[in-house]
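Nothing in this text is a laboratory measurement; each read-out follows from the coordinates by a stated rule. The structure presented is a predicted model; accordingly, all values stated were derived computationally and were not measured. Backbone-built Cβ (ideal geometry, glycine too); neighbour counts: all protein chains shown.
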Amino acid sequence: MGLRIQRAVIANLHTRPDAVESGPFIVGLDRGTDSPHINYATPLPGADITAADVADLVTAFAGRPPRLEYVTTCAPQLESLLLDAGFAVEARNEYLVCTPATSVAQPVPAGFELFTPQTDAEIAGVIAVQNEAFGSPGEAGPADIDRQRRVRERGAVFVGARTTDGQYAGGGGTVVPSDGICEIGGIAVAAAHRRQGLAGAITAALTERLFAAGVEVAWLEAGGDDSWRVYERVGFRPAGQRLYIARS
């Protein structure tokens, strides 16, 4: 499963508008945003990587802070090379997977509704909730809206949540599916609406829509015990570890 996920990440990074290949790495750059969650690199699984390759990778970021995300079993020797080159570990996250056989539907809590954002205002409203939840509050700009529309045109899924009186309350999305597998991310709920089951409902809705479109495996990462419990209720199970590592 780790190899399959790593290959899917590579395919996703190739879709970035300014993606470049640097030796045994693919660097997924998007000059329309400074977000490190979008601008990062990953290694080709099983590649023979050298210190010179790492130096070339730093150059390929063209002045941006070099950052990588990858399944650790696909490049077991890479971490030591990166540490020697001045990188520092940001996080080691467990990734979890879900299939149609393990998926469990979740109810939408009373007082809320899930919807597919269509207008610019709806897309921006959901992204603003995500930004706030992940510690970077701010409105969505035209580039953010265009990016969301671009990936949706290629098969990604985007779900929003709002109160029945129209207040944006949460959301989440996926990358573009690749080879029957797809990452879910950005699951967010506004602070005033947490611990009511909304995160589980959003995650389940994304998962169900992926499976309805023919995706075989959905995967995501849990950022803490609370999110871990939410994802397990939806049917996600731990399957391996990914490393986040960057150089300032």
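The long axis of helix 2-14 is offset from the longest Cα principal axis of the chain by roughly 90 degrees.
For Rg and Dmax of the Cα atoms in Å, computed directly from the structure shown, the correct entry in (1) 17.9, 57; (2) 19.7, 65; (3) 34.0, 117 is (1).
Cα axis of helix 120-133 to longest principal axis of the chain: angle in degrees, 0 to 90, nearest 10? Computed tilt is about 70 degrees.
For residue 122, what is the net charge nearby, where nearby means another residue's Cβ is under 14 Å from its Cβ and Lys, Arg count +1, Asp, Glu -1?
Values: positive: 149, 152, 162; negative: 113, 120, 139, 144.
Overall, the nearby charge balance is -1.
Annotation: amide H-H contacts under 5 Å for residue 170 (H modelled 1.01 Å from N, sequence separation of 5 or more, or interchain): 161, 190.
Give the peptides 207-220, 143-156, 60-73 in descending order of average Cβ contacts within 10 Å, highest first.
Values: 207-220: 19.4, 143-156: 16.1, 60-73: 17.6.
Highest mean packing first, the order is 207-220, 60-73, 143-156.
Principal-axis analysis of the Cα atoms of the chain puts helix 198-212 at an angle of about 70° to the longest axis. Only the Cβ atoms of Lys and Arg (+1) and of Asp and Glu (-1) were treated as charged; on that basis the dipole of the chain about its Cα centre amounts to roughly 340 debye. For segment 107-113, backbone phi angles converted through the Karplus equation (6.51, -1.76, 1.60; θ = phi - 60°) give residue-by-residue couplings of x, 7, x, 4, x, 10, 9 Hz, Gly and Pro being listed as x. Translational diffusion coefficient of segment 2-94 (Stokes-Einstein, Kirkwood radius from Cα pairs, 10 °C, 1.306 mPa s): 120 µm²/s.
Under 1.5 on a/c is rounded, so check that first for segment 142-248, then, if it is not, pick prolate when a/b is larger than b/c and oblate when it is not; a ≥ b ≥ c are the square roots of the alpha carbon gyration tensor eigenvalues. Working shown, then result.
Working: a/c = 1.27, a/b = 1.09, b/c = 1.17.
Because its axes are fairly even, with a/c under 1.5, segment 142-248 counts as rounded.
Here the sum of -39500 (n - 2.57) over DSSP H runs of 4 or more residues, divided by the residues of the chain, equals -10000 deg cm²/dmol at 222 nm, to the nearest 500.
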